[in-house]
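The values are calculated or read from the model by the stated rules, or taken from the named source; none is laboratory data. Here the structure is a predicted model, which means the values were calculated and not measured. Glycine gets a Cβ as well: all are built from the backbone with ideal geometry, and neighbour counts include every protein chain shown.
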Amino acid sequence: MKKWKIKALYYGKINVPKGVMSAGLDPDLMIDIPYTGFLLRNGEETVLVDAGIHQDHIVDGRAWGGYKAIGGQQFVLDALAEEGLKPEDIDTVMYTHLHNDHTGAMELFPEAKTYFQRDEYVNLLFQMPGQKVREDFDPRTPGDVEKLQNIYMFDGDLTLPNGIELYKIPGHTLGSMAIVVPTEEGRFIITGDLPHMNVCLFPLQTEMQLLDGSFVEITPAPPNMRPYLFNSVVYDHWAAFDSYNKLKAIADEFDPKYYLTGHDPWVIVKKWFG
Ligand SMILES: [Zn+2]
(Lines give C-alpha, C1' and ligand atoms only; values in the text may rest on other atoms or scores of the structure.)
Protein backbone atom coordinates (compact mmCIF):
# COMPACT_ATOMS: atom_id res chain seq x y z
CA MET A 1 0.00 0.00 0.00
CA LYS A 2 1.23 3.52 -0.83
CA LYS A 3 2.37 5.49 2.20
CA TRP A 4 1.05 8.95 2.95
CA LYS A 5 2.78 12.30 3.43
CA ILE A 6 1.19 14.80 5.78
CA LYS A 7 1.40 18.58 5.61
CA ALA A 8 -0.03 20.68 8.42
CA LEU A 9 -1.98 23.65 7.05
CA TYR A 10 -2.15 27.07 8.72
CA TYR A 11 -5.67 28.53 8.55
CA GLY A 12 -5.17 31.54 10.84
CA LYS A 13 -4.88 31.88 14.62
CA ILE A 14 -6.58 32.92 17.85
CA ASN A 15 -5.00 34.47 20.94
CA VAL A 16 -6.11 32.60 24.10
CA PRO A 17 -4.92 31.95 27.66
CA LYS A 18 -2.93 28.70 27.61
CA GLY A 19 -4.84 27.62 30.73
CA VAL A 20 -8.08 27.37 28.76
CA MET A 21 -6.57 24.34 27.02
CA SER A 22 -4.76 22.76 29.95
CA ALA A 23 -7.15 22.53 32.88
CA GLY A 24 -6.28 25.99 34.19
CA LEU A 25 -2.49 25.65 34.30
CA ASP A 26 -0.73 28.91 33.31
CA PRO A 27 -3.92 31.03 33.25
CA ASP A 28 -2.02 34.28 32.59
CA LEU A 29 0.04 33.00 29.67
CA MET A 30 -1.56 34.33 26.47
CA ILE A 31 -0.54 32.42 23.34
CA ASP A 32 -1.43 32.42 19.67
CA ILE A 33 -2.76 29.03 18.65
CA PRO A 34 -3.37 28.09 15.03
CA TYR A 35 -6.51 27.04 13.26
CA THR A 36 -5.10 23.83 11.83
CA GLY A 37 -5.87 21.59 8.88
CA PHE A 38 -3.96 18.78 7.18
CA LEU A 39 -3.25 17.77 3.62
CA LEU A 40 -2.69 14.04 3.09
CA ARG A 41 -1.22 12.81 -0.20
CA ASN A 42 -0.13 9.37 -1.36
CA GLY A 43 0.36 10.03 -5.06
CA GLU A 44 -3.12 8.76 -5.88
CA GLU A 45 -5.56 10.51 -3.58
CA THR A 46 -5.61 13.99 -2.05
CA VAL A 47 -7.28 14.26 1.33
CA LEU A 48 -8.04 17.38 3.34
CA VAL A 49 -8.61 17.16 7.08
CA ASP A 50 -10.70 20.04 8.49
CA ALA A 51 -11.53 23.32 6.79
CA GLY A 52 -10.78 26.24 9.13
CA ILE A 53 -13.09 29.00 10.35
CA HIS A 54 -15.50 31.05 8.22
CA GLN A 55 -14.66 34.75 7.98
CA ASP A 56 -18.20 35.67 9.05
CA HIS A 57 -17.59 33.89 12.35
CA ILE A 58 -14.87 36.39 13.25
CA VAL A 59 -16.69 39.55 14.32
CA ASP A 60 -14.67 42.73 14.90
CA GLY A 61 -11.50 40.64 14.84
CA ARG A 62 -12.74 38.33 17.59
CA ALA A 63 -13.89 34.72 17.48
CA TRP A 64 -14.62 31.97 20.03
CA GLY A 65 -14.70 33.26 23.61
CA GLY A 66 -14.29 36.85 22.37
CA TYR A 67 -10.58 36.25 21.74
CA LYS A 68 -8.70 38.05 18.96
CA ALA A 69 -8.49 35.93 15.83
CA ILE A 70 -7.71 35.91 12.13
CA GLY A 71 -8.92 33.34 9.64
CA GLY A 72 -11.44 32.67 6.88
CA GLN A 73 -11.86 30.77 3.66
CA GLN A 74 -9.02 32.69 1.99
CA PHE A 75 -6.59 31.07 4.44
CA VAL A 76 -7.80 27.64 3.30
CA LEU A 77 -7.49 28.63 -0.37
CA ASP A 78 -3.99 30.03 0.24
CA ALA A 79 -2.89 26.87 2.09
CA LEU A 80 -4.06 24.73 -0.83
CA ALA A 81 -2.51 27.07 -3.42
CA GLU A 82 0.86 26.68 -1.68
CA GLU A 83 0.69 23.05 -2.82
CA GLY A 84 -0.61 23.99 -6.28
CA LEU A 85 -4.12 22.84 -5.42
CA LYS A 86 -7.60 24.24 -5.93
CA PRO A 87 -10.68 23.10 -4.00
CA GLU A 88 -11.79 20.87 -6.90
CA ASP A 89 -8.49 18.95 -6.66
CA ILE A 90 -9.45 17.63 -3.21
CA ASP A 91 -10.82 14.08 -3.52
CA THR A 92 -11.77 13.56 0.09
CA VAL A 93 -12.50 15.76 3.11
CA MET A 94 -12.46 14.36 6.64
CA TYR A 95 -13.73 16.32 9.63
CA THR A 96 -12.34 15.58 13.09
CA HIS A 97 -15.51 17.31 14.31
CA LEU A 98 -17.93 19.97 13.11
CA HIS A 99 -17.06 22.91 15.38
CA ASN A 100 -17.02 26.33 13.72
CA ASP A 101 -13.23 26.46 13.49
CA HIS A 102 -13.11 23.22 11.46
CA THR A 103 -15.95 23.64 8.94
CA GLY A 104 -15.48 27.22 7.68
CA ALA A 105 -14.71 26.26 4.07
CA MET A 106 -16.98 23.20 3.88
CA GLU A 107 -19.03 24.82 1.10
CA LEU A 108 -15.95 24.88 -1.16
CA PHE A 109 -15.89 21.06 -1.37
CA PRO A 110 -19.44 20.02 -2.33
CA GLU A 111 -18.43 17.02 -4.46
CA ALA A 112 -15.58 15.56 -2.41
CA LYS A 113 -16.08 12.33 -0.51
CA THR A 114 -16.83 13.64 2.97
CA TYR A 115 -16.24 11.66 6.16
CA PHE A 116 -17.53 12.48 9.63
CA GLN A 117 -19.17 10.61 12.47
CA ARG A 118 -22.96 10.27 12.53
CA ASP A 119 -23.04 11.39 16.16
CA GLU A 120 -21.23 14.57 15.21
CA TYR A 121 -24.09 15.42 12.88
CA VAL A 122 -26.50 14.65 15.73
CA ASN A 123 -24.52 17.00 17.97
CA LEU A 124 -24.59 19.71 15.32
CA LEU A 125 -28.38 19.50 15.11
CA PHE A 126 -29.04 18.97 18.84
CA GLN A 127 -26.61 21.07 20.81
CA MET A 128 -26.07 21.04 24.55
CA PRO A 129 -26.83 24.39 26.22
CA GLY A 130 -23.15 25.06 26.94
CA GLN A 131 -22.31 24.47 23.30
CA LYS A 132 -24.96 26.99 22.28
CA VAL A 133 -23.74 29.59 24.77
CA ARG A 134 -20.20 29.30 23.45
CA GLU A 135 -21.41 29.16 19.82
CA ASP A 136 -19.16 26.16 19.27
CA PHE A 137 -20.95 25.32 16.03
CA ASP A 138 -21.42 27.68 13.11
CA PRO A 139 -25.13 28.21 12.34
CA ARG A 140 -24.33 27.91 8.62
CA THR A 141 -22.89 24.37 8.92
CA PRO A 142 -26.18 22.40 8.79
CA GLY A 143 -26.97 24.13 5.49
CA ASP A 144 -23.48 23.39 4.20
CA VAL A 145 -23.85 19.69 5.10
CA GLU A 146 -27.16 19.58 3.21
CA LYS A 147 -25.33 20.59 0.02
CA LEU A 148 -22.64 17.89 0.26
CA GLN A 149 -23.15 15.34 -2.50
CA ASN A 150 -20.92 12.50 -1.33
CA ILE A 151 -21.24 12.00 2.42
CA TYR A 152 -19.73 8.92 4.11
CA MET A 153 -21.37 9.31 7.51
CA PHE A 154 -20.74 6.42 9.89
CA ASP A 155 -20.57 5.43 13.55
CA GLY A 156 -17.48 4.04 15.27
CA ASP A 157 -14.10 2.91 13.95
CA LEU A 158 -13.18 2.21 10.35
CA THR A 159 -10.05 1.36 8.36
CA LEU A 160 -10.24 2.51 4.77
CA PRO A 161 -8.70 0.64 1.79
CA ASN A 162 -6.21 3.53 1.41
CA GLY A 163 -4.78 2.67 4.85
CA ILE A 164 -6.22 5.63 6.78
CA GLU A 165 -7.82 4.63 10.10
CA LEU A 166 -10.75 6.52 11.61
CA TYR A 167 -11.61 6.29 15.31
CA LYS A 168 -14.55 7.69 17.21
CA ILE A 169 -13.33 9.61 20.26
CA PRO A 170 -16.29 11.37 21.91
CA GLY A 171 -15.80 13.85 24.74
CA HIS A 172 -14.95 17.20 23.18
CA THR A 173 -18.08 16.67 21.08
CA LEU A 174 -20.47 13.75 20.73
CA GLY A 175 -18.92 12.48 17.50
CA SER A 176 -15.30 13.61 17.50
CA MET A 177 -12.97 11.53 15.35
CA ALA A 178 -9.25 10.76 15.31
CA ILE A 179 -7.56 10.09 11.97
CA VAL A 180 -4.52 7.81 11.87
CA VAL A 181 -2.27 8.19 8.85
CA PRO A 182 0.37 5.57 7.96
CA THR A 183 3.62 7.12 6.66
CA GLU A 184 7.23 6.04 6.07
CA GLU A 185 7.99 7.53 9.52
CA GLY A 186 5.22 5.70 11.37
CA ARG A 187 1.53 6.14 12.09
CA PHE A 188 0.63 9.73 12.93
CA ILE A 189 -2.53 10.46 14.90
CA ILE A 190 -4.55 13.55 13.99
CA THR A 191 -6.52 13.96 17.19
CA GLY A 192 -8.91 16.83 16.62
CA ASP A 193 -9.64 18.93 19.70
CA LEU A 194 -10.05 16.39 22.50
CA PRO A 195 -6.44 17.31 23.27
CA HIS A 196 -6.10 20.86 21.96
CA MET A 197 -2.35 20.58 22.54
CA ASN A 198 0.17 17.82 23.16
CA VAL A 199 0.53 18.86 26.81
CA CYS A 200 -3.02 17.55 27.37
CA LEU A 201 -1.75 14.01 26.61
CA PHE A 202 1.74 14.56 28.02
CA PRO A 203 1.14 16.82 31.05
CA LEU A 204 4.68 16.63 32.42
CA GLN A 205 6.03 18.74 29.56
CA THR A 206 7.90 21.83 30.86
CA GLU A 207 7.98 23.84 27.66
CA MET A 208 5.96 24.32 24.53
CA GLN A 209 6.78 25.71 21.11
CA LEU A 210 5.07 28.88 19.88
CA LEU A 211 4.06 29.77 16.32
CA ASP A 212 7.23 31.83 15.77
CA GLY A 213 9.30 28.73 16.59
CA SER A 214 10.47 29.94 20.02
CA PHE A 215 9.80 28.02 23.24
CA VAL A 216 8.06 29.12 26.42
CA GLU A 217 8.21 27.50 29.87
CA ILE A 218 4.98 25.93 31.08
CA THR A 219 3.88 24.41 34.37
CA PRO A 220 3.97 20.60 34.51
CA ALA A 221 0.79 19.11 35.96
CA PRO A 222 0.85 18.03 39.63
CA PRO A 223 0.00 14.35 40.32
CA ASN A 224 -3.66 14.99 41.19
CA MET A 225 -4.27 16.46 37.73
CA ARG A 226 -2.75 13.59 35.77
CA PRO A 227 -2.75 11.53 33.58
CA TYR A 228 -4.50 13.88 31.16
CA LEU A 229 -5.30 17.59 31.06
CA PHE A 230 -8.79 18.49 29.95
CA ASN A 231 -9.49 21.70 28.09
CA SER A 232 -12.42 23.95 28.87
CA VAL A 233 -14.58 22.50 26.07
CA VAL A 234 -15.65 19.00 27.13
CA TYR A 235 -19.31 18.03 26.91
CA ASP A 236 -18.79 14.60 28.56
CA HIS A 237 -15.84 14.06 30.90
CA TRP A 238 -16.32 10.27 31.23
CA ALA A 239 -16.37 9.84 27.48
CA ALA A 240 -13.38 12.17 27.17
CA PHE A 241 -11.36 10.10 29.64
CA ASP A 242 -12.12 6.89 27.72
CA SER A 243 -11.20 8.63 24.48
CA TYR A 244 -7.88 9.83 25.90
CA ASN A 245 -7.11 6.21 26.77
CA LYS A 246 -8.15 5.20 23.26
CA LEU A 247 -5.81 7.78 21.73
CA LYS A 248 -3.05 6.23 23.80
CA ALA A 249 -4.00 2.66 22.90
CA ILE A 250 -4.11 3.10 19.13
CA ALA A 251 -0.54 4.42 18.90
CA ASP A 252 2.39 2.15 18.04
CA GLU A 253 4.34 4.17 20.58
CA PHE A 254 2.99 6.70 23.11
CA ASP A 255 5.31 9.50 22.03
CA PRO A 256 4.36 13.19 21.54
CA LYS A 257 5.95 13.25 18.09
CA TYR A 258 3.14 11.09 16.67
CA TYR A 259 0.25 13.20 18.04
CA LEU A 260 -0.88 16.01 15.76
CA THR A 261 -3.21 17.71 18.22
CA GLY A 262 -5.99 20.18 17.40
CA HIS A 263 -4.40 23.58 17.95
CA ASP A 264 -0.79 23.02 19.02
CA PRO A 265 1.62 25.52 17.42
CA TRP A 266 4.45 22.96 17.09
CA VAL A 267 2.45 21.06 14.48
CA ILE A 268 2.37 24.15 12.23
CA VAL A 269 6.05 24.91 12.88
CA LYS A 270 7.20 21.39 11.92
CA LYS A 271 4.70 21.29 9.04
CA TRP A 272 5.75 18.01 7.31
CA PHE A 273 5.26 14.52 8.69
CA GLY A 274 6.13 11.20 7.09
ZN1 LIG B 1 -10.84 23.58 17.07
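Brief remarks follow.
- Restricted to segment 65-88, and to residues there that are part of a loop (DSSP other than H, G, I, E, B) and not hydrophobic (A, V, I, L, M, F, W, C), the residue that is nearest to Gly12 (Cα to Cα) is Gly72.
- Being buried (at least 20 other Cβ atoms within 10 Å of the Cβ), under 16 Å from Val47 (Cα atoms) and modelled with pLDDT of 95 or more holds for only one residue in Ile164, Ile169, and it is Ile164.
- Condition met for Tyr167 (in contact (Cβ under 8 Å) with a residue 40 or more places away in the chain and of a type in the set (Phe, Trp, Tyr)): yes
- When the test is whether a residue is part of a strand (DSSP E or B), closer than 24 Å to Tyr259 by Cβ and either under 19 Å from the mean Cα position of the chain (by Cα) or within 15 Å of the ligand (Cβ to nearest atom) (or both), Pro170 does not pass it.
- Residue count for segment 52-92, restricted to those that are touching a helix residue (DSSP H, G or I) at 6+ places or on another chain (Cβ under 8 Å) and either more than 16 Å from the ligand (Cβ to nearest atom) or not hydrophobic (A, V, I, L, M, F, W, C) (or both): 14
- Taking segment 42-66 as the range and being surrounded by fewer than 17 Cβ atoms within 10 Å (Cβ to Cβ) and touching a residue at least 40 places away in the same chain (Cβ under 8 Å) as the test, the residues that pass are Gly43, Glu44, Glu45, Gln55, Asp56, Gly65.
- Residue that is farthest from the ligand (Cβ to nearest atom), among those in segment 224-274 that are of a type in the set (Gly, Ala, Ser) and in a helix (DSSP H, G or I): Ala249
- Contact map, segment 89-109: first residue in a loop (DSSP other than H, G, I, E, B), second residue near the ligand (Cβ under 10 Å from one of its atoms) and modelled with pLDDT under 95, Cβ cut-off under 8 Å, separation 6 or more or different chains; pairs are His99/Asp136; Asn100/Trp64; Asn100/Asp136; Asp101/Trp64.
- Single match in Leu9, Leu29, Leu48, Leu25 (criterion: away from the ligand (no atom under 16 Å from the Cβ) and either touching a strand residue (DSSP E or B) at 6+ places or on another chain (Cβ under 7 Å) or within 25 Å of Phe188 (Cα to Cα) (or both)): Leu29
- When segment 230-274 is filtered for residues that are at pLDDT below 95 and within 23 Å of Met30 (Cβ to Cβ), the ones remaining, listed by number, are Phe230, Asn231, Ser232, Val233, Val234.
- In the set Ile90, Ile53, Ile58, only one residue is modelled with pLDDT under 95 and in contact with a strand residue (DSSP E or B) (Cβ under 6 Å, 6 or more places away or on another chain); that residue is Ile58.
- Any hit, segment 246-259, residues being buried (at least 21 other Cβ atoms within 10 Å of the Cβ) and closer than 19 Å to His102 by Cα: yes
- Test result for Thr96, within 13 Å of the ligand (Cβ to nearest atom), crowded, with 24+ Cβ neighbours inside 10 Å and over 25 Å from Leu77 (Cα atoms): no
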